[in-house]
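Asks: Handing you a structure now.
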Amino acid sequence: MMLRLLSFLLFVAPGCGYPSTQISSRVVNGQDAVPYSWPWQVSLQYKSNGAFYHTCGGSLITADWVVTAGHCISSSRTYQVVLGEYDRAVEEGPEQVIPINAGDLFVHPRWNSSCVACGNDIALIKLSSSAQLGDEVQLASLPPAGDILPNEAPCYISGWGRLYTGGPLPTKLQEALLPVVDYEHCSQSDWWGSSVKTTMVCAGGDTRAGCNGDSGGPLNCPAADGSWQVHGVTSFVSSRGCNTLQKPTVFTRVSAFIGWIEEVSGRRAGRAPALAPPRGAGGMGENS
């Protein structure tokens with residue numbers, strides 16, 4: 001009961017890491033993203049009464065695999081993934097709609113839906129057919145295992161989550177700058193306290209935040225070589241509201257799960273996934 005009062009899950013019923021489109025200069029208090037500027041962003045959708053509805057985000061990490069949040073997955077639902085999506089209200093051309101087989105959903109074995117603060121809120125989805133890569137659909141780059149972001153690292157959340165607590169879902173992909181709040185600050189008693197673990201990343205604050213529908217989507221952070229890396233999987237916010245003072249959005253820290261990601265996707269795909277840092281130079285589901 002105490003945990004339910006503290007946290008609120010955010011789901012609603014060229015080379016990897018290099019977008020070919022310019023990121024704009026600057027979700028809750030976010031803005032419309034430049035179309036296809038986060039080309040690894042996916043919309044995870046579930047079937048209800050013969051139609052599919054957006055529930056969570058995710059990131060395409062190989063042509064066959066998507067990473068999302070554990071709480072986004074239910075064994076009783078039928079899912080599809082949409083790649084190359086920007087405006088969900090318009091068929092724009094680059095969209096790739098890929099069904100998901102029931103046996104191709106892999107939630108982390110230690111994820112416990114009754115204990116959000118225990119962590120491990122991460123899942124992998126095997127696509128029923130390979131993504132076709134291009135300008136609008138590209139692979140995310142993941143950070144090296146164990147990598148920790150510094151305080152105030154300038155990361156962006158992206159997703160189709162609610163524009164404010166209890167507000168509408170946008171049709172166009174949103175983005176917002178969420179500076180990282182390091183563990184030392186985020187775990188203080190008047191912040192998230194013990195609800196935050198070292199396998200999590202906090203980012204944002206009381207002005208900009210993730211909200212329902214952003215779950216599973218990426219926390220996109222710049223790397224030294226000019227690429228972007230997905231450091232976080234959007235997990236939860238305060239039950240008092242998506243943008244609550246000293247309760248930044250909490251993400252599963254991807255670098256803490258690189259071994260598990262490689263084990264599951266590498267074995268299932270029959271080959272090692274594209275998880276190395278990029279070469280060269282240069283994010284809370286909705287239920288119904």
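The values are calculated or read from the model by the stated rules, or taken from the named source; none is laboratory data. Predicted model only: the values in this text are computed from it and were never measured. Glycine gets a Cβ as well: all are built from the backbone with ideal geometry, and neighbour counts include every protein chain shown.
Asks: Take region 178-217 and flag every residue that is within 16 Å of residue 152 (Cα to Cα) and at pLDDT below 95.
Replies: 204, 205, 206, 207, 208, 209
Asks: Let me confirm something: among 76, 114, 128, which residue is more than 15 Å from residue 172 (Cβ to Cβ), in contact with a strand residue (DSSP E or B) (Cβ under 6 Å, 6 or more places away or on another chain) and part of a loop (DSSP other than H, G, I, E, B)? Before the answer, list the steps.
Replies: On the way: 76 fails: in contact with a strand residue (DSSP E or B) (Cβ under 6 Å, 6 or more places away or on another chain); 114 fails: in contact with a strand residue (DSSP E or B) (Cβ under 6 Å, 6 or more places away or on another chain).
Selected residue: 128, the only one of 76, 114, 128 that is more than 15 Å from residue 172 (Cβ to Cβ), in contact with a strand residue (DSSP E or B) (Cβ under 6 Å, 6 or more places away or on another chain) and part of a loop (DSSP other than H, G, I, E, B).
Asks: Here's something else I'd like to know. Could you list all residues from region 136-155 that are farther than 22 Å from residue 71 by Cβ and either part of a strand (DSSP E or B) or at pLDDT below 95 (or both)?
Replies: 141, 154
Asks: While we're here: In the list 88, 162, which residue meets the criterion of being outside the structural domain of residue 182 (by the TED database) and more than 19 Å from residue 180 (Cα to Cα)?
Replies: Numbers: 162 fails: outside the structural domain of residue 182 (by the TED database).
Matching residue, one of 88, 162: 88.
Asks: Picking from 168, 179, which residue would you name as being assigned to a loop (DSSP other than H, G, I, E, B) and in the same structural domain as residue 237 (by the TED database)?
Replies: Values: 179 fails: assigned to a loop (DSSP other than H, G, I, E, B).
Among 168, 179, only 168 is assigned to a loop (DSSP other than H, G, I, E, B) and in the same structural domain as residue 237 (by the TED database).
Asks: Next question, about the same structure. Can you tell me which residue within region 122-158, out of those that are closer than 25 Å to residue 187 by Cβ and in contact with a Cys (Cβ under 9 Å, 6 or more places away or on another chain), is surrounded by the fewest Cβ atoms within 10 Å (Cβ to Cβ)? Quick ask: steps written out before the conclusion?
Replies: Step one: filter region 122-158 for residues closer than 25 Å to residue 187 by Cβ, giving 122-123, 142-157.
Still in the running and in contact with a Cys (Cβ under 9 Å, 6 or more places away or on another chain): 123, 142-143, 149, 153-156.
On the way: 123: 25, 142: 27, 143: 21, 149: 24, 153: 18, 154: 12, 155: 26, 156: 25.
Checking each candidate, the answer is 154.
Asks: Let me ask you something else. Could you tell me whether any residue of region 177-190 is closer than 14 Å to residue 9 by Cα and aromatic (Phe, Trp, Tyr)?
Replies: We begin by selecting, within region 177-190, every residue closer than 14 Å to residue 9 by Cα; these are none.
For region 177-190, residues closer than 14 Å to residue 9 by Cα and aromatic (Phe, Trp, Tyr): absent.
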